[in-house]
1. Please compute the modelled spin-label separation between residue 131 and residue 88, points set 7 Å along Cα→Cβ, answer in nm with one decimal.
2. What percent antiparallel are the DSSP beta bridges of the chain, to the nearest 5?
3. List, in the order given, every pair from 133/259; 147/285; 194/220; 93/285; 147/169; 196/285 whose Cα-Cα distance in the structure shown is over 19 Å.
4. Over the chain, with a Gaussian network built from C-alpha contacts below 10 Å, which listed residue (136, 195, 110) shows the highest mean-square fluctuation?
5. Packing-wise, with mean Cβ within 10 Å as the measure, how do 274-280, 147-153 rank, highest first?
6. Does the range 90-220 come out rounded, prolate or oblate by the C-alpha gyration tensor, with a ≥ b ≥ c the root eigenvalues, rounded set by a/c under 1.5 and, if not, prolate when a/b is larger than b/c and oblate if not?
7. Highest mean first, how do 248-258, 96-106 rank when packing is the count of other Cβ atoms within 10 Å averaged over residues?
8. In degrees between 0 and 90, to the nearest 10, how far off the longest principal axis of the chain does helix 289-309 point, with axes built from Cα atoms?
Amino acid sequence: MNRSQDEVEKLVIVGSGPAGLTAAIYAARGNLNPLVIAGREAGGQLTSTTDVDDFPGFENGVQGPELMGKMRKQAERFNTRFISEDVVSVDLKQKPFVVLTERSSLRTNSLIIATGASAQWLNLDSEQKFRGKGVSACAVCDGFFFKGKVVAVVGGGDTAMREANYLSKLCQQVIVIHRRDALRAQPALQELVKSKSNVEFVWNTEITEVLGQEKVTGVKIRNTQTGQISELAVDGLFVAIGHEPNTGFLKGELALDEKGYIVVTGETKTNIPGVFVAGDVADHKYRQAVTAAGAGCKAAFDVEEYLEKIELPTEGNGGV
Ligand code: NAP
């Protein structure tokens, strides 16, 4: 995109998952002429999901990539502009804010950060090979495919317990594999999962390999106390060892909590006026496409209100 040095955007949205695209749809319809920095892997987590059965409006479900494609087309219909690059850094100390992508330097009067979070993986080659073929990081998205089957969940935190609880209602058996002998999850969740007759715990154990040909047939495990290696036959593996917010480019610029999530000071506001947030990048609880979309809508309204309150510079005359 060719742009003059002096050009100042009204609104730049960073991220193109449900939060960023919904913000774009609302902002574009509100005449804010948004520019979305979509990232090189546009579309967010839903692009690596198959059937989405819980997004309202699709009675027979929808494929994750198709849903994101539709949202993007809807944003484009109202003339949202897109850049398919990642943001490298931002300077939020100056106004207008400065956003550096891999190839451009942009100036903007407001920002919506909607860069989402990424599931953490075990980082085994075999795990990556079987993603979408028995390895998943989202029970709500993919659990249905394992109805009546045996699955393993790895992790010992709240996410792992939520995943195990969800899967216990669908699967014949759920085996929770945890690297220590005590769970990190909140007690109530631990008790809930431990009360399920079809959930079994395998303690002090790590997964060293995911086994299978076309799809997952088992996992190779190692006891961390004895070093003993064995195999467990399972049809699926749910990796639930935490999520990481995509906020690396914001360090030192915006208030982040100890886990790297953006600190929200009220609905979609951050500690810097003019910088708003939507979706999983500030939400480690709900993490649903529909909640992210709702947050994107709120952020667009909040930007509109913010821009109305400040005096917009005419093009080329510098900051706010
Ligand atoms: P978490 O609390 O950081 O727990 C991650 C779990 O995965 C830990 O048990 C950890 O083991 C294990 N783990 C990490 N890396 C591993 C590896 N490489 N191999 C094997 N195991 C590994 O993450 P989370 O459960 O996603 O929760 C994140 C935050 O979201 C928490 O603040 C949580 O309270 C919140 N949350 C809340 C809810 C809710 O319902 N309220 C639901 C989900 C998440 P160790 O225990 O040995 O470190």
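1. Between residue 88 and residue 131, the simple spin-label model gives 2.5 nm.
2. Values: 28 of 57 bridges.
Looking only at bridges with both residues in the chain, the antiparallel portion is about 50 percent.
3. Over 19 Å apart, Cα to Cα: 133/259; 147/285; 194/220; 93/285; 196/285.
4. 195
5. Those peptides, ordered most packed to least, come out 274-280, 147-153.
6. prolate
7. Details: 248-258: 14.5, 96-106: 17.2.
Descending packing order for the listed peptides: 96-106, 248-258.
8. In the chain, helix 289-309 runs at an angle near 20 degrees to the longest axis.
Every number here is computed from the coordinates shown, using simple stated rules; none is lab data. Note that this is a predicted model, so its numbers are computed, not measured. Virtual Cβ from ideal backbone geometry, glycine too; neighbours counted across all protein chains shown.
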